[in-house]
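A.B. asks: My structure is below; once you've seen it, I'll send some questions.
The values are calculated or read from the model by the stated rules, or taken from the named source; none is laboratory data. Since we're looking at a predicted model, the values are computed, not measured. Here the Cβ is made from the backbone with ideal geometry for all residues, glycine too, and neighbour counts use every protein chain on show. Please note that ligands, DNA and RNA were not included when accessible areas were found on the heavy atoms of the full protein model with its side chains. Shrake-Rupley method; radii C 1.70, N 1.55, O 1.52, S 1.80 Å.
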Amino acid sequence: MIPMYKIGVVGEKDAAVAFLSLGMTVKGVDTPEEAQRAIDEMAREGYGLIFVTETIAKEIDETIERYKNNFLPAIILIPGVNGSLGIGLQKIKNNVEKAVGVDILSKKEG
Amino acid sequence: MRLNVNPTRMELSRLKKRLAVAVRGHKLLKDKQDELMKKFIDLIKRNNELRVKVEEELTKSLKDFMMAKAVMGAEFLQEAISMPAETIKLEVTRKNIMSVSVPVMNFVREGNENASIYPYGFLSTTGELDAAIKKLYDIMPQLLELAEVEKACQLMADEIEKTRRRVNALEYVMIPQLKETIKYITMKLDENERGH
């Protein structure tokens, strides 16, 4: 029996509401505190995947880092309504630096 | 730094055994680190590609949503999509990459098989909304792959860092320490022998 998980979205209302149409659980939040609470709640209730918009994520880095090394939930940043802020990409770079020691991704581009 | 032990033959043979174990452990960990790194680099490249692509598409789709919202009005829009025809669930299994267990995710759609992806009638909604939802649907598989790959990368980066610390601790602390102590005891024993 493969365990089943729900998918959640946390973000500002305008962006998050779009994911309603896909049948995900959507929590529209306005403040970082609300977002924090929403994420913690979802993690407790057994959500396997939580999408967080970058607009909100940049305020609650601590909460997101806390779940980083857990097997689940996976917290994935998505761009908000104003487009990508580059936080998600920056996080990938941080991962690379942590593991490899140097940033091998941007060297390739430049 | 020399270990604080008595210079006896017993101690010497004990230390030699420890050194052998440390060297072997170091080699094994080093191999693990190399292999992890290789896998990680492949994954992280994929991660980067995917993220760039997904972010771009998602931004477009959200813009469309904003358009639809502007045309229809926020209340109508919310009403139209708040009862989706299906719910989406996630099947998660574990995969083992070099002793790091990473999740493998699989979407499961629950709901009426034949239902259209548009959870509303066409009366009060506009074409913009249809287009936005269609786009969002099309991104879903990639979004999921991104989630999977990115999580794997996070977990692997952590494991690589841990392994590197262990390798370094063995290479630069444990092994030199043992070697130095062994040398010290050997010399001490030789000296005693000459003294007799």
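A.B. asks: To the nearest 0.05, what FRET efficiency results for B:E75 and A:R37 with a Förster distance of 30 Å applied to their C-beta separation?
C.D. replies: 0.70
A.B. asks: Which order do A:V52, B:V5 take by accessible area at a 1.4 Å probe, largest first?
C.D. replies: B:V5, A:V52
A.B. asks: Return the subset of A:K13/B:K89; A:K58/A:K98; B:K27/B:K162; A:K91/B:K27; A:K93/B:K134 for which the Cα-Cα distance in this structure is over 25 Å, preserving the input order. Walk me through the intermediate numbers first.
C.D. replies: On the way: A:K13/B:K89 22 Å; A:K58/A:K98 20 Å; B:K27/B:K162 15 Å; A:K91/B:K27 31 Å; A:K93/B:K134 31 Å.
Exceeds cut-off: A:K91/B:K27; A:K93/B:K134.
A.B. asks: I've got another one for you. Identify the GluC sites (Glu not before Pro) of the range B:1-77 meeting these criteria: DSSP loop state and at most 12 other C-beta atoms within 10 Å of the C-beta. Could you put the intermediate results ahead of the total?
C.D. replies: Details: sites: B:E11, B:E35, B:E49, B:E55, B:E56, B:E57, B:E75; in loops: none.
Answer by residue number: there is no such site.
A.B. asks: Shifting gears a bit: Just to confirm the number: angle between the C-alpha axis of helix B:175-195 and the first principal axis of chain B, 0 to 90 degrees, nearest 10?
C.D. replies: Value to nearest ten degrees: 0.
A.B. asks: Sticking with this one: Over 21 Å apart: what share of the alpha carbon pairs of the range A:31-95 falls there, rounded to a whole percent?
C.D. replies: 17 percent
A.B. asks: To check my understanding: the extent here is largest minus smallest coordinate of the Cα atoms along each principal axis. What are those three numbers for the range B:1-92, in Å, largest first?
C.D. replies: 88, 27, 25
A.B. asks: On a 0 to 90 degree scale, rounded to 10, what angle separates helix A:32-44 from the longest Cα axis of chain A?
C.D. replies: 80 degrees
A.B. asks: Here is a follow-up. Taking 1 over the mean of 1/r across every pair of different Cα atoms in the range B:56-110, what Kirkwood radius in Å do you get?
C.D. replies: Details: mean 1/r = 0.0695 Å⁻¹.
Taking every pair of different Cα atoms in the range B:56-110, averaging 1/r and inverting gives 14.4 Å.
A.B. asks: For q values of 0.17, 0.18, 0.21, 0.24 Å⁻¹, compute log₁₀ I(q)/I(0) with the Debye formula on a Cα-only model of chain A, without solvent.
C.D. replies: Result of the Debye calculation: -0.82, -0.89, -1.11, -1.31.
A.B. asks: Could I ask something else about it? Could you order A:E33, B:E148 by accessible surface area, starting with the largest, using a probe radius of 1.4 Å? Intermediate values should be presented prior to the final figure.
C.D. replies: Numbers: A:E33 105, B:E148 45 Å².
Largest accessible area first, the list is A:E33, B:E148.
A.B. asks: Can you tell me the accessible area per residue over the range A:7-83, all protein chains present, probe 1.4 angstrom, in square angstrom?
C.D. replies: Dividing the accessible area of the range A:7-83 by its residue count gives 35 Å².
A.B. asks: Something else: What does the accessible area per residue of the range B:9-195 come to in Å², with a 1.4 Å probe and no ligands, DNA or RNA counted?
C.D. replies: On the way: 10310 Å² over 187 residues.
Ligands and nucleic acids excluded, the result is 55 Å² per residue.
A.B. asks: Ok, one more. Looking at the protein assembly as shown, what % of the alpha carbon pairs are farther apart than 30 Å? Kindly include the intermediate steps, with their values, before the conclusion.
C.D. replies: On the way: 21407 of 46665 pairs.
When every Cα pair of the protein assembly as shown is considered, 46 percent fall beyond 30 Å.
A.B. asks: Ranked highest first by average number of other Cβ atoms within 10 Å, how do A:17-29, B:17-29 line up?
C.D. replies: Highest-to-lowest ranking by the protection proxy: A:17-29, B:17-29.
A.B. asks: If you roll a 1.4 Å probe over chain A with all protein chains in place, what percent of the accessible area is carbon or sulfur?
C.D. replies: Answer for chain A: carbon and sulfur cover 49 percent of the accessible area.
A.B. asks: Could you give each residue of the range B:55-69 its phi-based ³J(HN,Hα) in whole Hz, using Karplus coefficients 6.51, -1.76, 1.60 with θ = phi - 60°, and x for Gly or Pro?
C.D. replies: Calculated HN-Hα couplings, in order: 4, 5, 5, 5, 4, 4, 4, 5, 4, 4, 4, 4, 4, 4, 5 Hz.
A.B. asks: Right, here's the next one. Could you sort out which of A:K27/B:K38; A:K27/B:K53; B:K53/B:K95; A:K6/B:K69; B:K17/B:K188 sit more than 30 Å apart by Cα distance in this structure?
C.D. replies: A:K27/B:K38
A.B. asks: Helix B:127-168 versus the longest principal axis of chain B: what angle, 0 to 90°, nearest 10, using Cα atoms?
C.D. replies: In chain B, helix B:127-168 runs at an angle near 10 degrees to the longest axis.
A.B. asks: Given A:F71, A:V10, A:I50, which one lies farthest toward the positive end of the charge dipole of chain A, if we put +1 on the Cβ of every Lys and Arg and -1 on the Cβ of every Asp and Glu?
C.D. replies: A:F71
A.B. asks: I've got another one for you. How many Å² of accessible surface get buried when A and B come together, counting both sides, probe radius 1.4 Å, rounded to the nearest 100?
C.D. replies: Summing both sides, the interface buries roughly 4600 Å².
A.B. asks: Amide H to amide H under 5 Å from A:Y5: which residues, 5+ apart in sequence or cross-chain, H placed 1.01 Å off N in plane?
C.D. replies: For A:Y5, the qualifying residues are B:L90, B:E91, B:V92.
A.B. asks: Considering just Cα atoms, how many Å³ per residue does the convex hull of the range B:9-195 enclose?
C.D. replies: Convex hull of Cα atoms, per residue: 140 Å³.
A.B. asks: Which whole number gives the average, over all residues in A:65-76, of C-beta atoms from other chains lying within 10 Å of the residue C-beta?
C.D. replies: Per residue, the average neighbour count from other chains is 5.
A.B. asks: Determine the share of the range B:124-165's accessible area contributed by carbon and sulfur atoms, expressed in whole percent, with a 1.4 angstrom probe.
C.D. replies: Within the range B:124-165, the accessible surface is 48 percent carbon and sulfur.
A.B. asks: Sticking with this structure for a sec: So if each residue of separation counts as 0.36 nm, and I subtract the Cα-Cα distance between B:S13 and B:R94, what length gain in nm does that give?
C.D. replies: On the way: separation 81, 0.36 × 81 = 29.16 nm, distance 4.38 nm.
Extending this stretch completely gives an extra 24.8 nm.
A.B. asks: In terms of modelled amide H atoms, which long-range or inter-chain residues lie less than 5 Å from the amide H of A:V52?
C.D. replies: Correct list: A:V10, A:I76, A:L77, A:I78.
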